[in-house]
Every structure is written in structure tokens, then in C-alpha cells.
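So the structure is just underneath, and the comments pick up after that.
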Amino acid sequence: MYNTAKKQVWFGELRTARGTSIVVHDNRLPDASPGRIYLFNASRNTIGEYVEDIVKVNLHELDDAQLAAAKAEHDAAWQAARAEFMAKHEAHIELSSVPDSAPEVKSKAPVVPDEPMDDVMDADDDMEFEDTGFEASMSDDGGDDR
């Protein structure tokens, strides 16, 4: 199993049902999403994000001869992939640190609730009504109640 506490850059082997691949873990890379790690996969020639709990049990140390061979064969590709990854990631970081240039959001004036009708009209208020001669009534049969 891999242990990156001892080394900044760790070369190892990823063993899966599909086969084995040389992988590189670099502690100097930016942090991945929570619960994930970045690994350079020599078979794919790219840095990918892996679920740490799943991949951790499949990562294995290389012996000294395998480590020397892996570094000799894959170090140049690893360095190129790392440089490309960091350039893209630094551009992303730079954009995320740019202050927001959108106009300031203006808050709406607080809504004042209408006064209840009881406060507006007291029962003692004199109101004049014009008699139009029209009587309105409600009946159950819809007939004329005059």
C-alpha cells in the first residue's frame, strides 16, 4: 500500500481487474475534491482524479529495481503532464480569485403592511351614501324578492 508521508513524489503500481499501471502521486499538486486524490496514470499518460478509499487498497509499492525502471521510463511523461496540469489549475485559481465585477445588488425598500380597515374607518365615522333605489338581495331560489 502507498504511503506519501515519506516522499513528496511517490511512484507505485495500481493493480485492478483490468491490469496494472504505473502511477505517480505528488503531494505538491493542488488538493483534489474531498475524498479524492490526483494520480498520474502512465498507461493513460494523464493526471486523473480517483476516489481515495477505492484506489488506496489497490496501490502498491515498487521494489528498488521496479522504481528505477518506472522513473527511467515514465519520469519525462510525468513531468510534462504535471506541468500541463499545473498550468491549467493555476489559470483556474487565478480566475477564481478575481473579485466579482457585477454591479452591487440593491436591496428593495421594506414593504410596509397596509393598515387594517378597522384603523382606517371607525364605525362612528359618518359616511354619506347616495340612494340609487337599487336593492340587492340574495335568495336560494334565484327568484325576485321584491
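Derivation of every value follows stated rules applied to the coordinates shown; laboratory data play no part. Since the model is a prediction, treat every value here as computed from it, not as a measurement. Methodologically, a virtual Cβ is constructed for each residue, glycine included, from the backbone with ideal geometry; neighbour enumeration extends over all protein chains shown.
Residue by residue through the stretch 33-44, which ³J(HN,Hα) values in whole Hz follow from phi under the Karplus form 6.51 cos²θ - 1.76 cosθ + 1.60 (θ = phi - 60°), with glycine and proline marked x?
4, x, x, 10, 9, 9, 9, 7, 9, 5, 5, 8
Arranged from highest to lowest average of other beta-carbon atoms within 10 Å per residue, in what order do the peptides 34-40, 51-57, 17-23 appear?
Those peptides, ordered most packed to least, come out 34-40, 17-23, 51-57.
What length, rounded to one decimal in nm, is gained on full extension from ASP53 through to GLU84, with 0.36 nm per residue of separation minus their alpha-carbon distance?
Numbers: separation 31, 0.36 × 31 = 11.16 nm, distance 2.64 nm.
Difference between extended and current length: 8.5 nm.
If each residue of separation counts as 0.36 nm, what is the full-extension length gain between ARG15 and HIS60 once their alpha-carbon separation is subtracted?
Working it through step by step, the gained length comes to 15.4 nm.
Given the peptides 58-65, 42-49, arrange them by the average over their residues of other C-beta atoms within 10 Å, most packed first. List each step's numbers first, then the result.
Details: 58-65: 13.0, 42-49: 14.9.
Answer by packing, highest mean first, reads 42-49, 58-65.
Would you calculate the separation in nanometres between label points at ARG28 and GLN8, each defined as 7 Å from the Cα along the Cα-to-beta-carbon direction?
Distance between label points: 0.4 nm.
Based on Cα coordinates alone, diagonalise the gyration tensor for the stretch 1-76, multiply each eigenvalue by 5, take square roots, and list the semi-axes in whole Å, largest first.
Semi-axes from the Cα gyration tensor: 18, 14, 12 Å.
Label ARG44 and GLU73 with points 7 Å out from Cα along Cα→Cβ: what is the distance between them in nm?
Spacing of the two 7 Å Cα→Cβ label points: 1.9 nm.
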